[in-house]
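Everything below concerns the one structure shown next.
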Amino acid sequence: MPLPLSIAAGFCTLVSVAGNIQALTGATLLARFRTRERREDEAVRMSGRRWPAVTVLKPLHGNEPLLREALESVFAQDYPDFQIVFGVHDEADTALFVVQDLRQKHPHVPVSIVINAAEHGPNRKVSNLINMFDEGQHDVLVISDSDIHCAPTYLKHVVSSLETPGVGLVTTLYAGRTAGGTLVQQLGACQINHNFLPGVMMSRLLGRQDCLGATMALTRQTLTEIGGLEALVDHVADDAELGQLVRQRGQGIAIAPSLTHTTVGEHTLSELLSHELRWGRTVKNVEPVGYGLSSIQLPLFWAVTAVLFRPNTWWTWLLLGLTWAIRGLGSRIIDRATECPLPAAIPLLVIRDWLSAAIMVGSARGSRVAWRGRTVHIARRKRKSSARATAFQSGATTHRSVRS
């Protein structure tokens with residue numbers, strides 16, 4: 001066997017072993033996180049303290065899969081005083097029908113709906129938030145993605161974490177929940193639950209404090225001091241930018257003890273890979289070294305590659321078998337912890353790792369992605385001139401429905 005192939009196989013073996021350790025450690029940390037969540041859940045339920053009023057900002061874009069279930073989980077919060085602000089760019093947006101229906105079903109929840117076509121930069125989500133901002137009535141702001149499903153105590157956990165000394169921003173972990181249980185959706189949720197989540201837990205253990213964009217909670221004062229939402233509108237990775245700005249102020253980013261779920265609703269493998277490629281290119285352009293190192297989360301890819309380099313040696317096949325068993329065990333632990341079983345995905349863990357590796361290779365070049373029906377440039381950029389911002393807003397119309 002040529003020496004270069006032996007060295008390559010040895011390298012792949014080391015990475016695969018490290019990935020196995022990371023996977024099991026991350027799965028164990030996640031299980032402990034859920035145990036802590038259940039313990040603290042009881043504490044916040046029984047707490048007789050006074051809770052500050054909260055504004056939840058929910059930017060919307062179309063009637064996505066499971067949108068009604070996700071939005072209703074916010075309406076059903078066990079929290080004494082909160083307001084929900086919904087925002088869309090188009091009065092014909094089909095998400096409005098869902099909001100109006102839920103508004104009638106939960107008349108006790110104050111709701112504002114903002115319809116505003118103004119765009120302030122390339123990030124349409126942040127533009128939507130800028131348009132919605134003036135409708136917010138409270139000092140504690142919780143920005144939550146439209147496809148996030150949360151527990152009734154979600155707001156209490158987020159607010160409790162935000163009140164921790166030294167914390168300027170609160171985020172939440174999220175697991176993938178399939179919209180219909182299809183194989184494609186299970187593969188998508190597998191990437192989130194079995195690869196992404198253990199990696200997040202390991203990064204927190206090692207001291208990283210990343211902002212996960214599904215939930216971003218902070219005070220109005222903190223947002224003002226970092227330059228407002230306008231400071232984020234030129235960045236597709238608005239969560240990473242917000243996290244950096246908060247850390248620059250010397251404040252920390254906390255993860256609230258409340259696991260949320262994000263809907264995985266892609267219907268075809270092409271849709272799923274396009275979504276993952278957008279995510280991959282976004283992370284790569286924000287954190288290229290960290291993104292490259294995250295390949296350790298694909299131990300089955302490295303184990304198979306070791307076999308390809310040295311197919312006639314027993315230890316590469318043993319490595320592959322052990323790695324598959326460890327990945328399966330870690331995945332089962334995570335499935336129980338997240339309460340999102342993915343039975344069809346576990347036998348296909350090798351395929352999932354190779355798909356993820358292909359996404360990483362595809363993300364290595366290019367900084368443009370398809371997002372919300374348009375092509376967006378991901379690379380970081382300086383704040384554009386006010387003249388450019390004015391040009392984005394020209395011709396926009398605004399319609400507001402105030403508190404119900």
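The values are calculated or read from the model by the stated rules, or taken from the named source; none is laboratory data. Fair warning: this is a prediction, and the values are worked out from it, not measured in the lab. Backbone-built Cβ (ideal geometry, glycine too); neighbour counts: all protein chains shown. Heads up: the accessible areas ignore ligands, DNA and RNA and are worked out on the full protein's heavy atoms, side chains in. Shrake-Rupley method; radii C 1.70, N 1.55, O 1.52, S 1.80 Å.
Rundown of residues vs (1) among the basic types (Lys, Arg); (2) touching a residue at least 40 places away in the same chain (Cβ under 8 Å), yes/no style:
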position: Pro4; (1), (2): no, no
position: Ala9; (1), (2): no, yes
position: Val15; (1), (2): no, yes
position: Ala23; (1), (2): no, yes
position: Ala27; (1), (2): no, yes
position: Phe33; (1), (2): no, yes
position: Arg38; (1), (2): yes, no
position: Ala43; (1), (2): no, no
position: Met46; (1), (2): no, no
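Which of the following residues is touching a residue at least 60 places away in the same chain (Cβ under 8 Å), surrounded by fewer than 18 Cβ atoms within 10 Å (Cβ to Cβ) and hydrophobic (A, V, I, L, M, F, W, C): Leu205, Leu277, Leu229?
Answer to the check: Leu205.
Restricting attention to segment 173-190, report how many residues are out of contact with any Pro (no Cβ under 8 Å at 6 or more places or on another chain), open to solvent by 30 Å² or more (accessible area, probe 1.4 Å) and over 11 Å from Ala344 (Cα atoms).
Here the count works out to 3.
Being among the hydroxyl-bearing types (Ser, Thr, Tyr), open to solvent by 20 Å² or more (accessible area, probe 1.4 Å) and within 25 Å of Gly136 (Cβ to Cβ) is true for just one of Thr215, Thr224, Thr262, Thr268. Which residue is that?
Thr224
Residues of segment 280-296 being among the β-branched types (Val, Ile, Thr) and open to solvent by 30 Å² or more (accessible area, probe 1.4 Å), which ones?
Residues satisfying the conditions are Val283, Val286, Val289, Ile296.
Can you find a residue that is within 30 Å of Ala151 (Cβ to Cβ), free of Cβ contacts under 8 Å to residues at least 24 places away in the same chain and not basic (Lys, Arg) anywhere in segment 243-254?
yes
Here are some conditions: (1) free of Cβ contacts under 8 Å to residues at least 40 places away in the same chain; (2) in contact with an Asp or Glu (Cβ under 6 Å, 6 or more places away or on another chain). Leu320 meets all but one. Which one does it not meet?
For Leu320, the failing item is (2).
So which pairs qualify, if the first residue must be in segment 59-70 and hydrophobic (A, V, I, L, M, F, W, C), the second must be part of a loop (DSSP other than H, G, I, E, B) and crowded, with 18+ Cβ neighbours inside 10 Å, the Cβ gap must be under 6 Å, and the two must be at least 6 apart or on different chains?
Cβ pairs passing all conditions: Leu60/Ser146; Leu66/Ala179; Ala70/Asp147.
Quick check on my filter: what residues within segment 98-112 are open to solvent by 10 Å² or more (accessible area, probe 1.4 Å), in contact with a Lys or Arg (Cβ under 9 Å, 6 or more places away or on another chain) and not in a helix (DSSP H, G or I)?
Pro110
Could you please tell me which pairs satisfy a Cβ distance under 8 Å, a separation of 6+ or placement on different chains, a first residue in segment 176-187 that is within 13 Å of Ser270 (Cα to Cα), and a second residue that is part of a strand (DSSP E or B)?
Gln185/Thr178; Gln185/Val264
Quick one: which of Ala240, Ala306 is free of Cβ contacts under 8 Å to residues at least 60 places away in the same chain and in contact with a Cys (Cβ under 7 Å, 6 or more places away or on another chain)?
Values: Ala306 fails: free of Cβ contacts under 8 Å to residues at least 60 places away in the same chain.
The match here is Ala240.
Kindly provide the set of residues from segment 306-342 that are buried (at least 20 other Cβ atoms within 10 Å of the Cβ) and acidic (Asp, Glu), ordered by number.
Asp335, the sole residue that qualifies.
Mind checking whether some residue in segment 73-96 is under 18 Å from Tyr174 (Cβ atoms) and under 20 Å from the mean Cα position of the chain (by Cα)?
Yes, there is a match, as at least one residue in segment 73-96 is under 18 Å from Tyr174 (Cβ atoms) and under 20 Å from the mean Cα position of the chain (by Cα).
Okay, residues lined up against (1) in contact with a Leu (Cβ under 7 Å, 6 or more places away or on another chain); (2) at pLDDT 95 or above; (3) open to solvent by 30 Å² or more (accessible area, probe 1.4 Å); (4) in a helix (DSSP H, G or I):
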site: Leu30; (1), (2), (3), (4): yes, yes, no, yes
site: Glu37; (1), (2), (3), (4): yes, no, no, yes
site: Arg45; (1), (2), (3), (4): no, no, yes, yes
site: Glu72; (1), (2), (3), (4): yes, yes, yes, yes
site: Asp90; (1), (2), (3), (4): no, no, yes, no
site: Ser127; (1), (2), (3), (4): no, no, no, yes
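Read through the list (1) at pLDDT 95 or above; (2) in a helix (DSSP H, G or I), then give the number of the only condition that Glu241 fails.
Here Glu241 meets the rest and fails (1).
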